[in-house]
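The values are calculated or read from the model by the stated rules, or taken from the named source; none is laboratory data. No experiment lies behind these values; they were computed from the predicted model shown. Cβ placement follows ideal geometry from the backbone for every residue including glycine, while neighbour counts extend to all protein chains displayed. Only protein heavy atoms, including side chains, enter the accessible area calculation; ligands, DNA and RNA are left aside. Shrake-Rupley method; radii C 1.70, N 1.55, O 1.52, S 1.80 Å.
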Amino acid sequence: VVENHTTFDTLCRWNEQCRRYAAVAFGAGAAFIATCESLRLHLAATGCTGQVSYFGDLDPKGLWIPARASRDCGIEVSPDETLYTLLLAKGRKHRALPREPFSFEPGLLDWLPASLRDETRRHFNNGQRLPQELVTLPDLL
């Protein structure tokens with residue numbers, strides 16, 4: 001599941017070539033929370049692994065959406081570690097001026113793999129969000 005339409009298009013085009021995912025779904029930001037319940041039937045289908053991977057902006061709201069969807073729908077929504085790792089790598093190349101730290105629940109970072117939490121925390125503490133659009137088709141190929 002991808003948070004916004006630009007990255008959805010990018011991942012659909014990439015997935016047509018590499019076939020990493022059975023499907024790429026458009027989460028439509030926070031609307032995903034209300035619609036994830038409909039995934040339950042599809043995840044139970046024969047041949048489906050039942051796994052839902054998520055990729056969104058690396059900011060407090062971008063983590064809150066899948067964490068909340070997972071909690072509210074009872075469906076495990078996991079971060080796509082490969083895509084978030086790539087997003088953080090791209091973020092290292094984009095120098096941004098420090099801003100006011102983001103306000104966020106410290107437990108929110110627990111949704112991410114442990115290997116990504118410290119760097120993400122540094123971005124949040126510097127008020128720096130990483131939009132998922134930083135990951136482009138050439139980055140994936």
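Could you report the chain's accessible area per residue, 1.4 Å probe, as an integer in Å²?
Numbers: 8100 Å² over 141 residues.
That works out to 57 Å² per residue.
Surface composition of the chain: carbon and sulfur atoms hold 53% of the protein heavy-atom accessible area at a 1.4 Å probe.
Using C-alpha pairs under 8 Å with a sequence gap of at least 6, the mean separation divided by the residue count of segment 1-96 gives a relative contact order of 28 percent.
Nearest 10 degrees is fine. How inclined is helix 60-73 to the longest principal axis of the chain, computing both from alpha carbons? That helix lies at roughly 30 degrees to the long axis. Please determine, in degrees from 0 to 90 and to the nearest 10, the orientation of helix 81-93 with respect to the longest principal axis defined by the Cα atoms of the chain, where the helix direction is its Cα long axis. The answer is roughly 30 degrees. What's the angle, to the nearest 10 degrees (0 to 90), between helix 5-18's Cα axis and the longest principal axis of the chain? Around 60 degrees separate the two axes. Evaluating 6.51 cos²θ - 1.76 cosθ + 1.60 at θ = phi - 60° for every residue in segment 98-103, the Karplus couplings come out as x, 10, 4, x, 6, 8 Hz, glycine and proline recorded as x. Counting only the backbone N, which residues of segment 56-70 are under 19 Å from the spot 7 Å out from the Cα of residue 40 toward its beta-carbon? Only 66-70 pass the distance filter.
Once you charge only the Cβ atoms, +1 for Lys and Arg and -1 for Asp and Glu, what is the size of the charge dipole of segment 42-141 about its Cα centre, to the nearest 20 debye? Each step should come with its number before you reach the end.
Working: 12 positive and 13 negative charges, 75 e Å.
In total the dipole reaches around 360 debye.
Database note for the chain: Cys without another Cys beta carbon under 4.7 angstrom, 12, 18, 48.
Distances between placed amide hydrogens fall under 5 Å for residue 127 paired with 99, 102, all partners being 5 or more residues away or on another chain.
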